[in-house]
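All remarks here apply to the structure that follows.
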Amino acid sequence: MTDTSSTGAPMQNLRLTARALLLGDRLDVAGLERSDVLSTTPLAFRAGQDGFVALFRYGVAVLVGLTPLEEDEVIRSLRQRIQGEFARHEEETAVIEISPERDDQIPPGGPIYIRQLSTERLIVIADALSKSATLARDEREATAAFELVEPSVEHLAQKGRRPRDRRKILKHVGRALLVRQRMSGRVAVEEKPDVLWDRPDLERLYARLEDEYELKERAAALHRKLEVLGDTAQALTDIIDTERSLRLELIIVLLIVFEIFITFYQMLTGSLAH
(Lines give C-alpha, C1' and ligand atoms only; values in the text may rest on other atoms or scores of the structure.)
Protein backbone atom coordinates (compact mmCIF):
# COMPACT_ATOMS: atom_id res chain seq x y z
CA MET A 1 0.00 0.00 0.00
CA THR A 2 1.43 3.37 -1.00
CA ASP A 3 0.62 6.98 -0.38
CA THR A 4 -0.71 7.64 -3.89
CA SER A 5 -4.12 7.20 -5.42
CA SER A 6 -4.97 4.81 -8.24
CA THR A 7 -4.18 7.58 -10.74
CA GLY A 8 -0.70 8.08 -9.32
CA ALA A 9 -1.48 11.51 -7.82
CA PRO A 10 -0.53 12.13 -4.17
CA MET A 11 -3.39 11.70 -1.73
CA GLN A 12 -4.46 14.96 -0.07
CA ASN A 13 -6.62 14.85 3.06
CA LEU A 14 -8.16 11.50 2.20
CA ARG A 15 -10.46 10.16 4.91
CA LEU A 16 -10.93 6.47 5.66
CA THR A 17 -13.05 4.67 8.21
CA ALA A 18 -11.42 1.91 10.25
CA ARG A 19 -13.55 -0.65 12.08
CA ALA A 20 -12.26 -3.26 14.50
CA LEU A 21 -14.71 -6.14 14.98
CA LEU A 22 -14.30 -8.73 17.72
CA LEU A 23 -15.78 -11.75 15.96
CA GLY A 24 -15.13 -14.55 18.45
CA ASP A 25 -12.77 -16.10 20.98
CA ARG A 26 -10.19 -17.00 18.34
CA LEU A 27 -9.51 -16.47 14.66
CA ASP A 28 -7.65 -19.23 12.84
CA VAL A 29 -5.42 -17.59 10.24
CA ALA A 30 -3.19 -20.61 9.63
CA GLY A 31 -2.98 -21.52 5.97
CA LEU A 32 -4.74 -18.36 4.85
CA GLU A 33 -2.40 -17.73 1.95
CA ARG A 34 -3.03 -14.83 -0.38
CA SER A 35 -1.09 -13.24 -3.20
CA ASP A 36 -1.73 -9.76 -1.80
CA VAL A 37 -0.41 -10.34 1.74
CA LEU A 38 1.06 -7.14 3.21
CA SER A 39 2.04 -8.54 6.60
CA THR A 40 2.07 -11.89 8.38
CA THR A 41 2.00 -10.65 12.02
CA PRO A 42 -0.79 -9.70 12.03
CA LEU A 43 -2.01 -11.16 8.77
CA ALA A 44 -2.85 -8.12 6.60
CA PHE A 45 -3.94 -7.90 3.00
CA ARG A 46 -5.79 -5.70 0.54
CA ALA A 47 -9.52 -6.06 0.06
CA GLY A 48 -12.05 -4.38 -2.18
CA GLN A 49 -10.78 -1.57 -4.38
CA ASP A 50 -8.54 0.33 -1.96
CA GLY A 51 -9.30 -1.43 1.33
CA PHE A 52 -7.09 -2.96 3.99
CA VAL A 53 -7.78 -5.90 6.33
CA ALA A 54 -5.78 -7.00 9.38
CA LEU A 55 -6.61 -10.24 11.22
CA PHE A 56 -5.61 -10.93 14.81
CA ARG A 57 -5.54 -14.41 16.32
CA TYR A 58 -7.46 -13.28 19.40
CA GLY A 59 -10.59 -12.93 17.28
CA VAL A 60 -10.44 -9.42 15.81
CA ALA A 61 -10.69 -8.30 12.19
CA VAL A 62 -9.80 -4.67 11.42
CA LEU A 63 -11.33 -3.31 8.20
CA VAL A 64 -10.10 -0.03 6.72
CA GLY A 65 -11.60 1.81 3.75
CA LEU A 66 -14.16 -0.87 2.87
CA THR A 67 -17.76 -0.38 1.85
CA PRO A 68 -20.45 -2.15 3.92
CA LEU A 69 -20.84 -4.78 1.19
CA GLU A 70 -17.08 -5.38 1.09
CA GLU A 71 -17.00 -5.68 4.89
CA ASP A 72 -19.81 -8.26 4.82
CA GLU A 73 -17.94 -10.23 2.18
CA VAL A 74 -14.75 -10.32 4.25
CA ILE A 75 -16.61 -11.39 7.41
CA ARG A 76 -18.47 -14.09 5.48
CA SER A 77 -15.18 -15.46 4.15
CA LEU A 78 -13.82 -15.68 7.71
CA ARG A 79 -16.85 -17.32 9.29
CA GLN A 80 -15.47 -20.88 9.14
CA ARG A 81 -12.25 -19.68 10.80
CA ILE A 82 -13.95 -18.09 13.80
CA GLN A 83 -13.80 -20.16 16.98
CA GLY A 84 -16.53 -19.37 19.49
CA GLU A 85 -18.25 -16.73 17.38
CA PHE A 86 -20.07 -14.05 19.36
CA ALA A 87 -23.69 -13.24 18.64
CA ARG A 88 -22.82 -9.56 19.07
CA HIS A 89 -19.60 -8.29 17.51
CA GLU A 90 -17.85 -5.74 19.69
CA GLU A 91 -16.81 -2.77 17.55
CA GLU A 92 -14.29 0.07 17.73
CA THR A 93 -14.45 2.68 14.98
CA ALA A 94 -12.03 5.46 14.04
CA VAL A 95 -11.59 7.93 11.22
CA ILE A 96 -8.16 8.12 9.61
CA GLU A 97 -7.19 11.25 7.68
CA ILE A 98 -4.12 11.31 5.45
CA SER A 99 -2.70 14.80 5.87
CA PRO A 100 0.86 15.26 4.49
CA GLU A 101 1.21 18.68 6.12
CA ARG A 102 0.67 17.27 9.64
CA ASP A 103 2.68 14.96 11.84
CA ASP A 104 1.09 11.69 12.96
CA GLN A 105 -1.22 12.84 15.71
CA ILE A 106 -4.62 12.41 17.35
CA PRO A 107 -6.24 15.67 18.49
CA PRO A 108 -8.93 15.43 21.21
CA GLY A 109 -12.20 14.40 19.59
CA GLY A 110 -10.66 14.46 16.14
CA PRO A 111 -9.59 11.88 13.59
CA ILE A 112 -6.29 10.02 13.50
CA TYR A 113 -4.00 12.14 11.33
CA ILE A 114 -1.20 10.34 9.49
CA ARG A 115 1.29 11.80 7.05
CA GLN A 116 1.25 8.83 4.67
CA LEU A 117 -1.07 5.95 3.97
CA SER A 118 1.45 3.18 4.60
CA THR A 119 0.96 -0.44 5.57
CA GLU A 120 3.02 0.01 8.73
CA ARG A 121 0.90 2.91 9.96
CA LEU A 122 -2.31 1.02 9.28
CA ILE A 123 -0.99 -2.00 11.20
CA VAL A 124 -0.13 0.20 14.19
CA ILE A 125 -3.62 1.74 14.13
CA ALA A 126 -5.25 -1.68 13.64
CA ASP A 127 -3.34 -3.09 16.63
CA ALA A 128 -4.62 -0.34 18.95
CA LEU A 129 -8.20 -0.59 17.69
CA SER A 130 -8.23 -4.37 18.03
CA LYS A 131 -7.03 -4.18 21.64
CA SER A 132 -9.61 -1.52 22.46
CA ALA A 133 -12.44 -3.67 21.05
CA THR A 134 -11.23 -6.70 23.01
CA LEU A 135 -10.97 -4.70 26.24
CA ALA A 136 -14.51 -3.38 25.74
CA ARG A 137 -15.98 -6.88 25.68
CA ASP A 138 -13.81 -8.07 28.56
CA GLU A 139 -14.87 -5.08 30.65
CA ARG A 140 -18.53 -5.84 30.00
CA GLU A 141 -18.11 -9.53 30.83
CA ALA A 142 -16.24 -8.69 34.04
CA THR A 143 -19.04 -6.32 35.07
CA ALA A 144 -21.65 -9.01 34.34
CA ALA A 145 -19.70 -11.53 36.42
CA PHE A 146 -19.58 -9.09 39.32
CA GLU A 147 -23.34 -8.60 39.09
CA LEU A 148 -23.80 -12.37 39.33
CA VAL A 149 -21.85 -12.81 42.57
CA GLU A 150 -22.83 -9.47 44.13
CA PRO A 151 -26.16 -10.69 45.66
CA SER A 152 -24.36 -13.56 47.40
CA VAL A 153 -21.70 -11.22 48.79
CA GLU A 154 -24.34 -8.72 49.99
CA HIS A 155 -26.32 -11.50 51.69
CA LEU A 156 -23.13 -12.69 53.38
CA ALA A 157 -22.33 -9.16 54.60
CA GLN A 158 -25.85 -8.48 55.89
CA LYS A 159 -26.81 -11.89 57.31
CA GLY A 160 -23.40 -13.27 58.24
CA ARG A 161 -24.06 -16.44 56.29
CA ARG A 162 -24.28 -17.47 52.68
CA PRO A 163 -27.63 -17.72 50.82
CA ARG A 164 -29.45 -21.03 51.10
CA ASP A 165 -29.37 -21.88 47.39
CA ARG A 166 -25.95 -23.54 47.26
CA ARG A 167 -26.36 -24.77 43.69
CA LYS A 168 -27.14 -21.26 42.43
CA ILE A 169 -24.06 -19.87 44.19
CA LEU A 170 -21.84 -22.53 42.65
CA LYS A 171 -23.27 -21.76 39.21
CA HIS A 172 -22.51 -18.05 39.63
CA VAL A 173 -19.03 -18.80 40.94
CA GLY A 174 -18.42 -21.11 37.98
CA ARG A 175 -19.46 -18.42 35.50
CA ALA A 176 -17.24 -15.85 37.22
CA LEU A 177 -14.23 -18.17 37.11
CA LEU A 178 -14.95 -18.97 33.46
CA VAL A 179 -14.95 -15.26 32.60
CA ARG A 180 -11.68 -14.80 34.47
CA GLN A 181 -10.03 -17.75 32.76
CA ARG A 182 -11.19 -16.71 29.28
CA MET A 183 -10.07 -13.11 29.66
CA SER A 184 -6.75 -13.62 31.44
CA GLY A 185 -5.02 -15.15 28.43
CA ARG A 186 -6.82 -13.54 25.50
CA VAL A 187 -4.61 -10.60 24.57
CA ALA A 188 -1.58 -8.95 26.17
CA VAL A 189 -2.36 -5.26 25.87
CA GLU A 190 1.10 -4.34 27.14
CA GLU A 191 2.77 -5.93 24.11
CA LYS A 192 3.62 -3.58 21.27
CA PRO A 193 3.02 -4.53 17.62
CA ASP A 194 5.90 -6.33 15.95
CA VAL A 195 6.06 -3.74 13.19
CA LEU A 196 7.66 -1.28 15.63
CA TRP A 197 10.84 -3.39 15.64
CA ASP A 198 11.38 -2.42 12.01
CA ARG A 199 9.78 1.02 12.25
CA PRO A 200 10.80 2.62 15.57
CA ASP A 201 9.81 5.98 14.09
CA LEU A 202 6.17 4.91 14.58
CA GLU A 203 6.60 4.48 18.34
CA ARG A 204 5.19 7.95 18.92
CA LEU A 205 2.07 7.20 16.88
CA TYR A 206 1.46 4.01 18.85
CA ALA A 207 2.02 5.83 22.16
CA ARG A 208 -0.57 8.41 21.15
CA LEU A 209 -3.03 5.66 20.24
CA GLU A 210 -2.39 3.98 23.60
CA ASP A 211 -3.21 7.25 25.35
CA GLU A 212 -6.25 7.96 23.18
CA TYR A 213 -7.85 4.58 23.91
CA GLU A 214 -6.42 4.34 27.46
CA LEU A 215 -5.20 0.83 26.75
CA LYS A 216 -2.80 0.52 29.69
CA GLU A 217 -5.17 2.09 32.20
CA ARG A 218 -8.11 -0.08 31.09
CA ALA A 219 -5.96 -3.22 31.13
CA ALA A 220 -4.73 -2.46 34.66
CA ALA A 221 -8.29 -1.80 35.88
CA LEU A 222 -9.51 -5.02 34.26
CA HIS A 223 -6.66 -6.98 35.85
CA ARG A 224 -7.66 -5.65 39.29
CA LYS A 225 -11.29 -6.59 38.63
CA LEU A 226 -10.25 -10.11 37.66
CA GLU A 227 -8.21 -10.47 40.85
CA VAL A 228 -11.13 -9.31 42.98
CA LEU A 229 -13.46 -11.60 41.05
CA GLY A 230 -11.15 -14.57 41.62
CA ASP A 231 -10.76 -13.75 45.32
CA THR A 232 -14.54 -13.40 45.75
CA ALA A 233 -15.24 -16.69 44.00
CA GLN A 234 -12.56 -18.40 46.10
CA ALA A 235 -14.01 -16.98 49.32
CA LEU A 236 -17.52 -18.20 48.48
CA THR A 237 -16.28 -21.68 47.60
CA ASP A 238 -14.20 -21.78 50.80
CA ILE A 239 -17.28 -20.92 52.85
CA ILE A 240 -19.25 -23.69 51.15
CA ASP A 241 -16.39 -26.18 51.70
CA THR A 242 -16.10 -25.14 55.35
CA GLU A 243 -19.83 -25.57 55.93
CA ARG A 244 -19.70 -28.97 54.28
CA SER A 245 -16.75 -30.01 56.47
CA LEU A 246 -18.58 -28.85 59.60
CA ARG A 247 -21.67 -30.83 58.62
CA LEU A 248 -19.59 -33.95 58.06
CA GLU A 249 -17.86 -33.51 61.41
CA LEU A 250 -21.23 -33.05 63.13
CA ILE A 251 -22.59 -36.19 61.47
CA ILE A 252 -19.52 -38.15 62.60
CA VAL A 253 -19.88 -36.86 66.17
CA LEU A 254 -23.58 -37.79 66.22
CA LEU A 255 -22.78 -41.28 64.92
CA ILE A 256 -20.17 -41.74 67.63
CA VAL A 257 -22.61 -40.55 70.32
CA PHE A 258 -25.28 -42.85 68.93
CA GLU A 259 -22.86 -45.79 68.93
CA ILE A 260 -21.88 -45.04 72.53
CA PHE A 261 -25.55 -44.85 73.50
CA ILE A 262 -26.25 -48.21 71.82
CA THR A 263 -23.26 -49.76 73.59
CA PHE A 264 -24.38 -48.49 77.00
CA TYR A 265 -27.93 -49.64 76.28
CA GLN A 266 -26.73 -53.12 75.38
CA MET A 267 -24.57 -53.25 78.51
CA LEU A 268 -27.49 -52.10 80.66
CA THR A 269 -29.98 -54.57 79.18
CA GLY A 270 -27.39 -57.36 79.49
CA SER A 271 -26.78 -56.70 83.20
CA LEU A 272 -30.50 -56.55 83.92
CA ALA A 273 -31.00 -59.88 82.17
CA HIS A 274 -28.46 -61.50 84.52
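See the values below:
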{"item": "Close pairs (7 angstrom Cβ cut-off, 6 or more residues apart or separate chains): without any contact (Cβ under 8 Å) to a residue 24 or more places away in the chain in the range 203-219, open to solvent by less than 40 Å² (accessible area, probe 1.4 Å) anywhere", "result": "Glu203/Leu196"}
{"item": "Within the range 36-69, considering residues that are modelled with pLDDT under 90 and in a loop (DSSP other than H, G, I, E, B), the one most open to solvent (accessible area, probe 1.4 Å)", "result": "Gln49"}
{"item": "Near pairs, Cβ below 7 angstrom, 6+ apart or cross-chain, from the range 83-108 (of a type in the set (Lys, Arg)) to any residue that is crowded, with 18+ Cβ neighbours inside 10 Å", "result": "Arg102/Tyr113"}
{"item": "Any hit, the range 205-214, residues being touching a helix residue (DSSP H, G or I) at 6+ places or on another chain (Cβ under 7 Å), open to solvent by less than 50 Å² (accessible area, probe 1.4 Å) and of a type in the set (Asp, Glu)", "result": "yes"}
{"item": "Scan of the range 95-127 for residues that are open to solvent by less than 10 Å² (accessible area, probe 1.4 Å) and in contact with a Phe, Trp or Tyr (Cβ under 6 Å, 6 or more places away or on another chain), ordered by number", "result": "Ser99, Leu122, Val124"}
{"item": "Leading residue by the ranking (modelled with the highest pLDDT) among those in the range 239-270 that are open to solvent by less than 70 Å² (accessible area, probe 1.4 Å) and either of a type outside the set (Val, Ile, Thr) or within 30 Å of Leu135 (Cα to Cα) (or both)", "result": "Ser245"}
{"item": "Among residues of the range 138-156, those that are buried (at least 19 other Cβ atoms within 10 Å of the Cβ) and either within 13 Å of Gly59 (Cα to Cα) or touching a Ser or Thr at 6+ places or on another chain (Cβ under 9 Å) (or both), counted", "result": "3"}
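The values are calculated or read from the model by the stated rules, or taken from the named source; none is laboratory data. Because the structure is predicted, anything quoted here is derived from the model rather than measured. Methodologically, a virtual Cβ is constructed for each residue, glycine included, from the backbone with ideal geometry; neighbour enumeration extends over all protein chains shown. Only protein heavy atoms, including side chains, enter the accessible area calculation; ligands, DNA and RNA are left aside. Shrake-Rupley method; radii C 1.70, N 1.55, O 1.52, S 1.80 Å.
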